[in-house]
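Below: the structure, in structure tokens.
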Number of protein chains: 2
Amino acid sequence: MIILVDMDNTLADFDKGLLENWQRLYPNEYFVPLEERREFHPHKDYPEHLQDKIYALCHSKGFIRNLPPMPGGVAAVKEMLSKGHDVRFCTSHLFEYDYCILEKYQWIEEYFGAPFVDRIILTRDKTLIRGDLLIDDKPEIVGIVKPSWEHIVYDRPHNRDVTDRRRLTWEKWRDVVFAGQ
Amino acid sequence: MIILVDMDNTLADFDKGLLENWQRLYPNEYFVPLEERREFHPHKDYPEHLQDKIYALCHSKGFIRNLPPMPGGVAAVKEMLSKGHDVRFCTSHLFEYDYCILEKYQWIEEYFGAPFVDRIILTRDKTLIRGDLLIDDKPEIVGIVKPSWEHIVYDRPHNRDVTDRRRLTWEKWRDVVFAGQ
């Protein structure tokens, strides 16, 4: 199988990194606890007067580079590869690309090693990428063609209302990915 | 149709940019005239004692950012879009990614405008990208799957020995791209 794996909030804990940075920079400011995240784009979970600050933080230098990995994600990808599957990191740039694209490459190099950088596919339209599975926390993944992959929802608080697709976490992924094999 | 278009030596004149920089930096040094380029990777056309210098120049800060566009390429892409086709920039990072990936985004923004950045697909394996045509100067494009696209060779001196595929230049592309339509 070709297994496409998203980065933000699937392999890299975007929400946790954002909350930690937010509380460090603005310790007395309102914040949304991780379990209460509801919108795909984190700034939309915040009151309007804070949205620009959250947005700016997500796009700031070093933010993507320093995201903590989701526990078990790196090991899961390596296990898929060891079982003969092909894994590609299938990721999109944020609203602005200045820091995030380079930092996504650096992040993969840090947590997987330099050869894995060649497995990155950066695209805003994931339907154009061929694969059997796409593991991604985004609730609706649309593009210009009908995808070849099955979308498996990476379980996060913001996507718990999605009930029409299979879901996984890195704590319990083998039964989903290797189902029927 | 979905038309994938390569960047280096297809939309951006990598060879011309390289030669101009090389002659500016090392005016008395040996150089390979544009028409005598034979290898896909330019440093391999140079004698061994100069290869590291050429390689370093290709990977230096600002090199990709400042490549001149191939005459007619930007207009060709815009015409394809205006005729209802979908065009994506399908490009790979160089051997090192430090400057080139960000600069490829900046280059597209400069010559096409900010919205076109969303049309970039960065991948080392172009066979994983779905499309009807891939316009690319690289002689052999291989990957883990059989491509969905037809490879149309963008004509450059280094790929003149490729005779088993259709070819085009931006001076004469409509007959090739729109053949049979």
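The values are calculated or read from the model by the stated rules, or taken from the named source; none is laboratory data. All values derive from a computational prediction rather than experimental measurement. Backbone-built Cβ (ideal geometry, glycine too); neighbour counts: all protein chains shown. Just so you know, the surface numbers come from the protein's heavy atoms only, side chains and all, with ligands and any DNA or RNA stripped out. Shrake-Rupley method; radii C 1.70, N 1.55, O 1.52, S 1.80 Å.
Of the listed requirements (1) assigned to a helix (DSSP H, G or I); (2) of a type in the set (Phe, Trp, Tyr); (3) in contact (Cβ under 8 Å) with a residue 24 or more places away in the chain, B:Phe95 misses just one: (1).
Restricting B:Leu102, B:Leu122 to residues that are within 11 Å of chain A (Cβ to nearest Cβ), under 13 Å from the mean Cα position of the chain (by Cα) and not β-branched (Val, Ile, Thr) narrows the list to B:Leu122.
Can you work out which of the residues in segment B:88-99 that are surrounded by 16 or more Cβ atoms within 10 Å (Cβ to Cβ) and facing chain A (nearest Cβ under 10 Å) is nearest to B:Ala179 (Cα to Cα)? Looking at the filtered set, the residue picked out is B:Arg88. In the set (1) in contact with a helix residue (DSSP H, G or I) (Cβ under 6 Å, 6 or more places away or on another chain); (2) in a loop (DSSP other than H, G, I, E, B); (3) assigned by TED's automatic domain parsing to the domain that holds B:Thr127, the condition left unmet by B:Arg88 is number (2). Inspect all residues belonging to segment A:12-28 and state whether any of them is among the charged types (D, E, K, R), touching an Asp or Glu at 6+ places or on another chain (Cβ under 9 Å) and not in a helix (DSSP H, G or I). Taking every residue of segment A:12-28 in turn, none turns out to be among the charged types (D, E, K, R), touching an Asp or Glu at 6+ places or on another chain (Cβ under 9 Å) and not in a helix (DSSP H, G or I). The single residue among A:Ile121, A:Ile101 that is in contact (Cβ under 8 Å) with a residue 40 or more places away in the chain, farther than 13 Å from A:Leu11 by Cβ and among the aliphatic types (A, V, I, L, M) turns out to be A:Ile121. Out of A:Ile108, A:Ile3, one residue alone is touching a helix residue (DSSP H, G or I) at 6+ places or on another chain (Cβ under 8 Å) and under 23 Å from A:Pro139 (Cα atoms). It is A:Ile3. Of the strands (runs of 3 or more DSSP E) entirely within segment A:100-181, those holding at least 1 residues that are open to solvent by less than 50 Å² (accessible area, probe 1.4 Å) and farther than 20 Å from A:Met80 by Cβ occupy A:120-122.
Among what's in segment A:72-82 and is buried (at least 20 other Cβ atoms within 10 Å of the Cβ) and within 16 Å of the chain's Cα centre (by Cα), pick the residue that is nearest to the other protein chains (Cβ to nearest Cβ). Selected residue: A:Val77. Among the residues here, B:His85 does not qualify as within 26 Å of B:Trp22 (Cβ to Cβ), within 13 Å of chain A (Cβ to nearest Cβ) and not charged (D, E, K, R).
Residues in segment A:30-44 that are touching a residue at least 60 places away in the same chain (Cβ under 8 Å) and over 17 Å from the mean Cα position of the chain (by Cα): A:Glu36 only.
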